[in-house]
Amino acid sequence: MRVLVTGSSGHLGEALVRTLRDLGHEVVGLDIVESRFTTSVGSVTDRPCVSRCTTGAQIVFHAATLHKPHVATHTRQDFVDVNITGTLNLLEESVAAGVDSFVYTSTTSVFGDALVPPAGSPAAWVTEDVTPIPKNIYGVTKAAAEDLCQLFHRNQGLACIVLRTSRFFPEEDDNKAVRQAWADGNIKANEYLFRRVDLEDVVSAHLRAAERAPAIGFRRFIVGATTPFSPRDLPDLRTDAPAVTRRYVPGYEAEYARREWRMLPGIDRVYVNERARNELGWRPRYDFRFIVDRLIAGQDVRSPLARLVGPKGYHAEVFDEGPYPVESGHRN
């Protein structure tokens with residue numbers, strides 16, 4: 001089967017290309033960065049290039065994007081060009097090529113300000129039914145691209161699945177205060193409770209989405225690690241996350257103490273992957289319990305695929321603030 005992967009030199013793109021090749025598919029990799037996982041160096045904004053790459057493809061995985069760390073280094077127009085116009089190019093050329101399944105990699109960042117409940121309120125239980133309130137150009141353009149996918153399913157009959165992925169990047173956190181306050185492994189382990197997912201599980205969700213897309217038509221799914229929490233935990237979770245976590249994974253405390261790690265004092269939102277598990281038949285493996293078991297056993301918590309792909313970074317330059325630039329409020 002001929003499959004197009006955009007963003008093939010990136011974290012997810014490389015992981016998809018590796019996996020699809022291992023499964024015996026003919027993979028066309030499109031990226032602006034040359035690599036051994038990219039067969040066509042070019043941009044999704046280049047319509048003739050997109051047309052060449054989609055010709056003969058039965059499945060399109062659209063992972064190419066400008067990310068949140070690019071907000072400070074790229075203009076808002078850059079985000080519109082890549083994330084919206086690039087997606088439009090791919091959708092139109094996918095219809096022309098008779099593509100069977102179009103899988104769009106979105107982000108839980110589209111929820112934006114909807115993720116933070118008012119002070120004194122319980123933590124937010126974030127399902128696909130929560131209305132997004134994007135808070136930056138990244139979230140706005142990803143949400144708009146999702147709507148384009150829905151439009152092309154409704155009007156052109158293209159089977160489109162949107163996957164709102166939570167964090168899977170191996171790089172340090174893009175928040176300076178978080179980097180200064182927490183050990184990197186500590187904060188990432190904590191995030192498996194509510195907003196992180198392993199790269200291997202992200203890839204398996206994409207494969208399931210491509211398989212199920214023709215039968216489903218259009219649907220949005222949250223792709224994150226399975227949380228141990230339930231809605232009844234939300235009031236306590238906001239004010240005493242260690243106590244709530246202890247109810248479900250009591251073994252974490254001793255291992256955290258051994259490592260001089262700490263749990264977040266409070267958690268303000270939980271991403272819920274129930275729809276993806278139920279409707280896609282997706283079975284993510286890497287949750288907080290699994291991570292703690294690996295820590296206790298002295299094993300690497302990352303999947304073999306995540307270790308193989310490794311970190312890539314988002315910028316070629318070095319910045320005064322560390323791995324990420326300070327966000328500017330005046331980019332046009």
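Of all residue pairs spaced 6 or more apart or on separate chains, those with beta-carbon atoms under 8 Å, a first member in the stretch 148-175 that is in contact (Cβ under 8 Å) with a residue 24 or more places away in the chain and assigned to a strand (DSSP E or B) and a second member that is surrounded by fewer than 19 Cβ atoms within 10 Å (Cβ to Cβ) and among the aliphatic types (A, V, I, L, M) are I161/I216. Taken together, the residues in the stretch 59-89 that are modelled with pLDDT of 95 or more, more than 19 Å from F168 (Cα to Cα) and assigned to a loop (DSSP other than H, G, I, E, B) amount to 0. Of R232, R208, R196, all but one fail to be basic (K, R) and in contact (Cβ under 8 Å) with a residue 60 or more places away in the chain; the exception is R208.
When the residues of the stretch 76-85 are filtered to those that are within 18 Å of L30 (Cβ to Cβ) and touching a residue at least 60 places away in the same chain (Cβ under 8 Å), which remaining residue is surrounded by the fewest Cβ atoms within 10 Å (Cβ to Cβ)? Once the filter is applied, the top-ranked residue is I84. Taking P231, is it farther than 24 Å from A183 by Cα, surrounded by fewer than 16 Cβ atoms within 10 Å (Cβ to Cβ) and touching a Pro at 6+ places or on another chain (Cβ under 6 Å)? No: the conditions fail for P231. Among residues of the stretch 259-280 that are of a type in the set (S, T, N, Q), those with a Cβ under 9 angstrom from a residue that is part of a strand (DSSP E or B), sequence gap 6+ or separate chain, pair up as N273/F221; N273/I222; N273/V223.
Applying the criterion of being closer than 25 Å to Q77 by Cα, at pLDDT 95 or above and of a type in the set (D, E, K, R) to the residues of the stretch 113-166, the residue that is surrounded by the most Cβ atoms within 10 Å (Cβ to Cβ) is K142. Residues of the stretch 131-177 that are under 23 Å from G281 (Cβ atoms) and not hydroxyl-bearing (S, T, Y): E146, C149, Q150, H153, L158, A159, C160, I161, V162, L163, R164, F168. Can you say whether P170 is surrounded by fewer than 22 Cβ atoms within 10 Å (Cβ to Cβ), within 29 Å of V60 (Cα to Cα) and at pLDDT below 95, as far as the supplied structure shows? Yes. Looking only at the stretch 193-212, residues that are touching a Lys or Arg at 6+ places or on another chain (Cβ under 9 Å), closer than 15 Å to V272 by Cβ, in a loop (DSSP other than H, G, I, E, B) and not β-branched (V, I, T) come to 2 in all.
Elements of the type helices (runs of 4 or more DSSP H) sitting completely within the stretch 236-332 and holding at least 1 residues that are at pLDDT 95 or above and among the hydroxyl-bearing types (S, T, Y): these cover 241-248, 252-259. Answer with yes or no whether S51 is surrounded by fewer than 21 Cβ atoms within 10 Å (Cβ to Cβ) and part of a loop (DSSP other than H, G, I, E, B). Criteria not met by S51.
The values are calculated or read from the model by the stated rules, or taken from the named source; none is laboratory data. The structure presented is a predicted model; accordingly, all values stated were derived computationally and were not measured. A quick note on method: Cβ atoms are made from the backbone with ideal geometry, for glycine too, and the neighbour counts reach across all protein chains shown.
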